[in-house]
Amino acid sequence: MSRAKLCVRRAIRPAILALIMTGLPATAAGQDLAVIGGTVHTVSGEVLEGATVLIQAGRIAALGHDVEIPAGIRVLDAAGRVVTPGLFDATTSLGLVEVGMVSSSVDSRLDGDPVRAAFDVVDGINPRSVLIPVNRAAGLTTVLTAPGGGLISGQAAIIDLTGSSTDEMVVVSGAAMVANFSSSVAGGSRGGASLRLREVLDDARFWHDNRAAFDAGGTRGLSASRLDFEALGPVLDGEIPLIVNVHRAADIEAVLRIADDFGLNLVISGGSEAWLVADRLAAARVPVIVKPLTNNPAGFDRLGARFDNASLLHQAGVEVVIGSFNSHNARWLMHEAGNAVRFGLPWGVALRAVTLAPAEALGVGDLYGSLEPGKVGNLVVWTGDPFELSTRAETVVIRGVVTSPDNRQIELLRRYRYLDGESPDFE
């Protein structure tokens, strides 16, 4: 596929997403709210001191110093506080896992064939998961909840961490295809992984070009199921990204070759040794999702892991996305970003890496990731610098609704902090 054709298809996607958002259920459409007096980090523009963010019907209606607040609207005073967009984590399985060691509570993996492209996580999402309120209270408002395992794990979904049903939570189903590249996923060889991935992509392209002949039994045998090939169509067309979990520099180069040969919209995830091939990643305009607190050689594919990976990638011109690579503790996302700053990533770039950068990498940057009129009203009011350990998310707003800070950990603290039964409730 030509690069020009790919850009056209990427440009169409935000318009489609805008139509999706206008069709949200009434219970998820948000409310009217004005957040006033805070230091507003828009991410896409300048920092505004003492500004107002006006949200109406779940969308940001106005932003600045001279915003007229309609009568009767709820006003939230953020004076002396820091206001940012809601955090966006592109590396979780929130809603798909409850207790990792209990298989009946894990819906993020489909066992069997290593090619699971047709596997869509949406029907496995549990909107009542106790992990959602815990992570939301730390400032997470939107995540990519993704499958794992196999060579091609399946389709991930973008969800807002609000709503009492899956339909209310889901922003985009089939938002990305997730794959893994290592010696363990196909025949015990990295060359085998490359061979199998190329074979499946080539067969998918062949199937899309010869569907009638396939249905009539007039084609050669193919390497995966009809449903898998159908699911890979948007990947081959560049309409959704292929997120590949890969760490070794040589493996990243192999994945880049595959993406170039098939014209894929590629995102690298993990990338412990990505700094070694930063120039190639920058030239290919491939975003990299990193975990800054990774510097151990956890395997022979990560011998080059280092704390300043994110900083080196940014210096080379790579779009850096920071992920928690966690579900139970996705709330540590800001600690990861703060440590990236500690090791050289500029403060503003780190904030972008947990807000606008993941939104843009996943094709929803026109709706999420920054504070601008027209975007979804997701924001966080922080007690101070959000990268400081002592700072907490004082107020979390999703689609214009101030969410409850209550979660299972707070409830347990209220119950067991005082055993004499006479102390006041924890606040």
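Values quoted throughout were computed directly from the atomic coordinates according to the rules given, and no laboratory measurement underlies them. A quick note: this is a predicted structure, and the numbers were derived from the prediction, not measured. Using ideal geometry, Cβ is built from the backbone for each residue, glycine included, and neighbour counts are taken over all protein chains shown.
Farthest toward the positive end of the dipole of the chain, out of ALA224, ILE36, SER390, is the Cα of ALA224, where the dipole comes from beta carbon charges about the Cα centre. Counting other Cβ atoms within 10 Å as a rough exposure proxy, the listed residues SER324, SER183 run SER183, SER324 from fewest neighbours to most. From least to most packed, judged by other beta carbons within 10 angstrom and beginning with the fewest, LEU232, LEU151 follow the order LEU151, LEU232.
Helical content of the chain, expressed as a calculated mean residue ellipticity at 222 nm, amounts to -8500 deg cm²/dmol (DSSP H runs of 4 or more residues, -39,500 (n - 2.57) each, divided by residue number, nearest 500).
Report note on the peptides 156-162, 63-69, 127-133, 96-102: ranked by the mean count of other C-beta atoms within 10 Å, highest first, their order is 156-162, 127-133, 96-102, 63-69. Taking N as the residue count of the range 92-365, its C-alpha radius of gyration divided by 2.2 N^0.38 Å amounts to 0.99. Under 5 Å from the amide H of VAL97 lie the amide H atoms of ASP107, each residue being 5 or more positions distant or on a separate chain, with H modelled from the backbone and absent for Pro and chain starts. The alpha carbon centroids of the range 274-300 and the range 231-254 are separated by 14 Å. If R0 equals 22 Å, the separation of the Cβ atoms of LEU413 and GLU388 corresponds to a calculated FRET efficiency of about 0.50. The phi torsions of the range 231-248, fed into the Karplus equation with coefficients 6.51, -1.76 and 1.60 and a -60° offset, translate into couplings of 5, 7, x, x, 5, 5, 7, x, 7, 10, x, 9, 8, 10, 7, 7, 10, 5 Hz, rounded to whole numbers, with Gly and Pro shown as x. Between amide H atoms placed 1.01 Å from N, distances below 5 Å from VAL401 occur with GLN31, all of them 5 or more places distant or on a separate chain.
Based on Cα contacts under 8 Å between residues 6+ apart, the chain shows a relative contact order of 20 percent.
Residue-wise HN-Hα couplings along the range 140-151, as the Karplus relation 6.51 cos²θ - 1.76 cosθ + 1.60 with θ = phi - 60° gives them from phi, are 6, 10, 9, 9, 9, 9, 10, x, x, x, x, 7 Hz; Gly and Pro carry x. Taking θ as phi - 60° and the Karplus parameters 6.51, -1.76 and 1.60, the scalar couplings of the range 123-136 work out to 6, x, 6, 9, x, 9, 4, 5, 6, 5, x, 4, 6, 4 Hz in sequence order, x denoting glycine and proline.
Not counting the cut sites, what is the longest span of the chain without chymotrypsin sites (Phe, Trp or Tyr not before Pro) that DSSP labels loop and that have at most 13 other Cβ atoms within 10 Å? In short, 1-299. Under 18 Å from a point 7 Å along the Cα-to-Cβ line of LEU227: which residues of the range 92-113 have their amide N that close? Within reach of a label on LEU227, which here means backbone N under 18 Å from a point 7 Å along Cα→Cβ, the range 92-113 contributes 107-113. Panel order for VAL82, VAL75, by other beta carbons found within 10 Å of each beta carbon, from fewest to most: VAL75, VAL82.
Any chance you could check the Cα centroid distance between the range 176-198 and the range 43-95 for me, in angstrom? First find each Cα centre; the distance between them is then 43 Å.
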